[in-house]
Amino acid sequence: MNESTRFARSIRFLADRFPMEKLNFQSMVAKKDVPVHRMSWAYYLGGLVLFFFGIQLMTGIALLFYYQPSVSDAHASVEYLTRNVAGGALIRNIHAWSSSGMIFTLLIHLLTTFAMKAFARPRELTWVSGVLLLMLTFAFGFTGYLLPWHQIAVNATKVGLQSIEQLGEFLPGALSEIPTKIRVAIQGEAAVGQATLSRFFAAHVVLLPLATFAVLGLHLFQVQIHGMSPGVDKPTTRSERFFPFFVLKDFRVWGVVMFVLATIALCIPFEAFFDYPLFEPYDALGSTPDGIKPEWYFLFLYYPLELLPFWLVNLIVMLAVGVLLMAPVIFRGTSRRVLSTIAILVAAYLVVSTVFGQEIYEMIKGGH
Ligand code: HEM
């Protein structure tokens, strides 16, 4: 292929993804239809993730009024907010529960859009921007966990950063230096300390939100300009207007979820699920508590890391990220039936490793 055909192809690719003739209110909102079929419920999931993200922004800003990003005051400021500020515990609880809700819904959104082949042409950029949003959301979780500066948070962050460095052992020559450099760049100093907290804080409240706004802007723009994908093999003629009918139904779902979220946040402190008290500030000389674990949404990775060779898990993760990013190319000719089977198998792995990971771990370790 010569230069000019390659250039012409790139222009055509972009023109198909950003069709100028559809760049108006009529096409993007007023005339947009949502197909009605047995998988229609899945069209609510992206909106629900958006709802959780909005809750995170609002409660996060409220938490910023009291939070102090220094190793000497971070823990005390969170404790003060939880114990002495009216509504403080509730806001903190909503932020924690909603982050879990966001990740849970996001994973189902990913699996259903995959199963419905919504990544197919012309929606490749919707999909790829989605994969980036997934990574940004996990980065929110990782950086946010450190901020209360308690014993578990700091130790779990150390373990996370160590695994980045360990990668170097499996890379040849000069490449083996790179993971250590990444770790130092994230950590900011020799051990996890003030520089690390400052960086995680800056990332959690400024960098990641800005990056998310940009990528989410592209994601939603693509969704509106291309309309909803048919989602099923035999597209139905039945559909409903996006505005106002589907949007109003979206709001109804958000209302119900808000009610459930507020009830859970009022009744169950997020820490109720931890085996150890979270109210202990980090003490560099203190012992690392037994059985520290990351948040539930990292368990699907944590148990394989404990049980399998480190290089193998990393290889699988890198392959998985590659396959996710390239899904529109790799699965171009795959039927929805096969895609659904893959999505169900992945979902089964995620559920089993998260819910029964500890039992499986003990069974395998006990057998040795
Ligand atoms: C912060 C994270 C995200 C937000 C707020 C978000 C939001 C949305 C919204 C509101 C829609 C339209 C309604 C729907 O189809 O559910 C949508 C569609 C879509 N999303 Fe996401 N999304 C996110 C992450 C992801 C991820 C991780 C993927 C997959 C890798 C993804 C892939 C898609 C695709 C392919 C569509 C088009 C669906 C269709 O046309 O039928 N999104 N997203």
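Annotation note: of 10, 27, the sole residue that is hydroxyl-bearing (Ser, Thr, Tyr), free of Cβ contacts under 8 Å to residues at least 60 places away in the same chain, surrounded by fewer than 19 Cβ atoms within 10 Å (Cβ to Cβ) and farther than 27 Å from residue 195 by Cα is 10. Of all the listed residues (67, 43), the sole one being among the hydroxyl-bearing types (Ser, Thr, Tyr) and within 12 Å of the ligand (Cβ to nearest atom) is 43. Here residue 272 meets each of (1) exposed (fewer than 12 other Cβ atoms within 10 Å of the Cβ); (2) under 30 Å from residue 117 (Cα atoms); (3) among the aliphatic types (A, V, I, L, M) with one exception, condition (2). Within region 228-247, can one find any residue that is within 21 Å of residue 48 (Cβ to Cβ), hydroxyl-bearing (Ser, Thr, Tyr) and more than 8 Å from the ligand (Cβ to nearest atom)? Scanning region 228-247 turns up at least one residue that is within 21 Å of residue 48 (Cβ to Cβ), hydroxyl-bearing (Ser, Thr, Tyr) and more than 8 Å from the ligand (Cβ to nearest atom). The criterion of at least 3 residues that are among the aliphatic types (A, V, I, L, M) and within 29 Å of the chain's Cα centre (by Cα) is met by the following helices (runs of 4 or more DSSP H) wholly inside region 3-97: 45-64, 74-84.
Selection of first residues in region 204-227 that are closer than 13 Å to residue 56 by Cα and of second residues that are more than 11 Å from the ligand (Cβ to nearest atom), restricted to Cβ pairs under 6 Å at least 6 apart or on distinct chains, gives the following pairs, ordered by first then second residue: 204/143; 204/144; 208/139. When residue 365 is tested against (1) assigned to a loop (DSSP other than H, G, I, E, B); (2) modelled with pLDDT under 90, exactly one condition is not met: (1). Residues in region 121-158 that are within 9 Å of the ligand (Cβ to nearest atom) and not charged (D, E, K, R): 12 in all.
Could you tell me how many of the residues in region 235-259 are among the β-branched types (Val, Ile, Thr) and surrounded by 12 or more Cβ atoms within 10 Å (Cβ to Cβ)? Total meeting the criteria: 4.
Quick check on my filter: what residues within region 144-194 are in contact with a helix residue (DSSP H, G or I) (Cβ under 6 Å, 6 or more places away or on another chain), of a type in the set (A, V, I, L, M) and assigned to a loop (DSSP other than H, G, I, E, B)? Listed by number, the list holds a single entry, 192. Listed by first and then second residue, the pairs with beta-carbon distance under 7 Å, at least 6 apart or on different chains, first residue in region 150-168 and aromatic (Phe, Trp, Tyr), second assigned to a helix (DSSP H, G or I), form an empty list.
Confirm whether residue 322 is more than 19 Å from residue 150 (Cα to Cα), small (Gly, Ala, Ser) and surrounded by fewer than 16 Cβ atoms within 10 Å (Cβ to Cβ). Spelling it out, residue 322 is indeed more than 19 Å from residue 150 (Cα to Cα), small (Gly, Ala, Ser) and surrounded by fewer than 16 Cβ atoms within 10 Å (Cβ to Cβ).
The values are calculated or read from the model by the stated rules, or taken from the named source; none is laboratory data. Being a predicted model, the structure only gives us computed values, none of them experimental. Note that we place each Cβ from the backbone using ideal geometry, even for glycine, and neighbour counts take in every protein chain shown.
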